[in-house]
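Heads up: the structure comes next, in structure tokens.
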Amino acid sequence: MITLSTLDLILIFSFFTITLVIGIVVSKKSGKNTNEFFLSGRNMPWWLLGLSMVATTFSTDTPNLVTDIIRKGGVSGNWAWWAFLITGLLTVFVYAKLWRKSNVNTDIEFYALRYGGKPAHFLRGFRAIYLGVIFNVLAMSGVTLAAIKIGQVMLGLTALETVGIASLVTVIFSAIGGFKGVVYTDFILFFTAMIGAIGAAYYIVNLPEVDGITNLISHPQVSDKISLLPDFDNTELLVLLLIIPLAVQWWSAWYPGAEPGGGGYIAQRMLAAKDENHAIGATFFFNIMHYALRPWPWILVALASLVLYPKDDANTMEAAKHNYIKMLTISDTRELTEGEQKQMDAYYFASEGLTAIREAFPEEVVQKDKIGHDLAYSAMLTRLPSGLLGIVLASLIAAFMSTISTHLNWGSSYIVNDFYRQQVNKNASEKELVLVGRVSTALLMVLSALLALLLTNAKQIFDYILMFGAGTGLIFILRWFWWRINAWSEISAMFASGIISIIFNLKSVNLVLFNEEMLPTWSKYPIIVGITTAIWIGVTYLTKPEDNKVLFDFYKKIQPGGPGWKTTLQTAEKEGVTIKTDFTTWSVPSGILAMLVACVLIYGVLFATGYWIYGNYTLAIILTIVVIVATYILSKLWMKIKSTIL
């Protein structure tokens, strides 16, 4: 626990004040109508939207998640989310212009454009609550949990105190400022967060205990954790960390900020762009910053935490796990004494490699159920000096506010536009809809705060959301380009994925199916994807296709092109209906090629940055040259793609 200096307090309260002032200044215009409140009049430039996307995904739980991953499995464990770069770049070069051309108010409104009848009406209303409330609250609770841990470790605040303070200002400026307030404050939040993260990493790496980058990467606790790729000799680890994310996960899973085909708050920003070029520019800028550059300050702090709060050795962890299970068995037969309970807790923390962290932050400082490897990031920040500490705390507050405000506005847009206006009051005035938006903003914050009090670590939420969206992603990619997909395809995928995930995560099913004699643990996710995909494809062919008028109107508006619409074009021609107005070359093949080149570019920057930091200059130079070549090729491809944008 730390004591804030006057300088620290001035920096923090100045930040709060600036944020509230921005919200108040833009409140009048934002409150005019829902278009202003949720999309800021659709006139935002690419650079401001790009910075907003980056700021939004820089949440308080992200460095905690990265720390948790690295302490358990090393830097290469980050492929669990690095693989989503492919999804992001597909959005940049294929889907960004389609979203902007759709001119919908939310990505959920897409259902009214692409599908028809009662199934589409149900799907739109249900997804509005399913994503806007349930999944949105899950995501926000993970961010709020991280804020709770920071408050306990760094400031000695209780969970309720942290939630109360952190939420109040965020809800006020989100509710009054709307989307414009969120985006404008994101501009400040981005620079505050980056300065704080980089400053913290630099100072921590140069602490006497760490003694610079060279000693850090050669430290016994760290040296086996720095590889950017998993051990190719360890088949199970290779499959789990690299092959599944790159071969299956990126296209099959729905995850906030990395939806296949675009969606969520990324789609909201594309829809708010001035035009299609600004939508593409914003998403490309976001992917470069999010995947290539921003992770490294977090990675360095996570690696340094292994020096100051080392994990227990493998033998100790194995022995402690055995003793913990033994004590757990005893607790099933009788109530443990206070001493036995403490001993069992000690065994548990040792079995997870958490003894050093538990000793540094005992029960009176951090609640027992909040101890995890993700806590190490907050623990490292307690070492910062006055001034830098104030900036870092302001950056963490910025990260929290940026992410939460975006989720609040995005979730509220679903509730207002896709549920309240469609299912409750179709004749609601703009003033009433803005009021509902502001009330739902506050309610979403309350729900996420309550759930956060029940959670223990950031990885829980990441795994849970990832598993629940398994198998649905392919629909979001294909629905733009294959006429046969209908509302029932999405409904069946959504329910199948959820139900199968619940079944496969039951303890009894896990014990029977996923063990050494039956199936490897890593196979769970691909199996869920396979079953879900088979179900929705089967349902697609067993149900009627969408009405021709719906398909004609969609094609006429979007002009998606491609062989997947051949049947619809032929039908339209027979009926004498003109739906094709764009006769330029289909841009998707060039977009996919650009995606692959951009992957080389961004992964190249990610790896090159790492090797420059590690001091491996030969690889760093080679990768830097690869990045330069990829940039040149991509610029040529972009000119070709740009010529196809109307």
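None of the figures in this text is laboratory data; all of them are computed from the coordinates on show. Since we're looking at a predicted model, the values are computed, not measured. Backbone-built Cβ (ideal geometry, glycine too); neighbour counts: all protein chains shown.
Between Asp553 and Ile633, the FRET efficiency estimated from the beta carbon spacing at R0 = 56 angstrom works out to 0.90. As a rough footprinting exposure proxy, the listed residues Arg127, Arg383 were ranked by other beta carbons within 10 Å of their own, and the order from fewest upward is Arg383, Arg127. Listed from fewest to most Cβ neighbours within 10 Å, the set Arg269, Arg124 follows the order Arg124, Arg269.
So which of Lys101/Lys574; Lys321/Lys368; Lys549/Lys580; Lys97/Lys642 end up more than 20 Å apart, counting from Cα to Cα?
Values: Lys101/Lys574 27 Å; Lys321/Lys368 17 Å; Lys549/Lys580 14 Å; Lys97/Lys642 10 Å.
In this structure, Lys101/Lys574 lie more than 20 Å apart at Cα.
Considering only the other residues whose Cβ falls under 15 Å of the Cβ of Asn287, what net charge follows from Lys and Arg at +1 and Asp and Glu at -1? Provide the component values of the computation, followed by the final result.
Numbers: positive: Arg269, Arg294; negative: Glu259.
Neighbourhood net charge equals +1.
For the chain, the mean residue ellipticity at 222 nm estimated from helices alone is -21500 deg cm²/dmol, where every DSSP H run of n ≥ 4 contributes -39500 (n - 2.57) and the total is divided by all residues, rounded to the nearest 500. Taking 26 Å as the straight-line reach from the Cα of Lys431, the lysines in range (excluding those fewer than 8 positions away in the same chain) are Lys28, Lys29, Lys32, Lys180, Lys274. By the equivalent-ellipsoid construction on the alpha carbon gyration tensor, segment 508-587 comes out with semi-axes of 43, 15, 9 Å, ordered largest to smallest.
How about Lys566: which aspartates and glutamates have a C-alpha closer than 18 Å to its C-alpha, ignoring those fewer than 8 places off in the same chain? Here the aspartates and glutamates satisfying the reach criterion relative to Lys566 are Glu546, Asp547, Asp553, Glu575, Asp582.
Where does segment 110-194 land on Rg/Rh, using Cα atoms and the Kirkwood Rh? Before the final figure, lay out the partial values.
Numbers: Rg = 17.7 Å, Rh = 15.7 Å.
Answer for segment 110-194: 1.13.
Taking GluC sites (Glu not before Pro) in DSSP loop conformation with at most 16 other Cβ atoms inside 10 Å as exposed sites, the chain has its longest uninterrupted site-free stretch at 1-208.
Per residue, the average separation of C-alpha pairs within less than 8 Å and at least 6 apart gives the chain a relative contact order of 26 percent. Taking a straight line from the alpha carbon of Lys225, these lysines sit under 18 Å away, with near neighbours fewer than eight places off in the same chain left out: Lys72, Lys311.
Applying 1/(1 + (r/R0)^6) with r as the Cβ-Cβ distance of Leu7 and Leu293 and R0 = 22 angstrom yields a FRET efficiency of 0.15.
Going by how many other Cβ atoms sit within 10 Å of their own, how do His278, His121, His322, His407 line up, fewest first? Walk me through the intermediate numbers first.
On the way: His278 23, His121 16, His322 11, His407 28.
Least to most surrounded, the residues fall as His322, His121, His278, His407.
Let a ≥ b ≥ c be the square roots of the eigenvalues of the Cα gyration tensor of segment 544-646; is it rounded (a/c under 1.5), or, if not, prolate (a/b larger than b/c) or oblate? It is prolate, given that a/c is not under 1.5 and a/b is the larger ratio. Within the shell of other residues whose beta carbon sits under 11 angstrom from the beta carbon of Phe126, the net charge comes to 0, with Lys and Arg scored +1 and Asp and Glu -1.
In sequence order, segment 198-211 has phi-based couplings of 5, x, 5, 4, 4, 5, 5, 4, 9, 4, x, 5, 8, 6 Hz under the Karplus curve 6.51 cos²θ - 1.76 cosθ + 1.60, θ = phi - 60°, and Gly or Pro positions carry x. Sorted largest first, the principal axis extents computed over the alpha-carbon atoms of segment 226-320 equal 59, 30, 23 Å. Measuring how big the chain is from its alpha-carbon positions, Rg and Dmax come out at 24.9, 84 Å.
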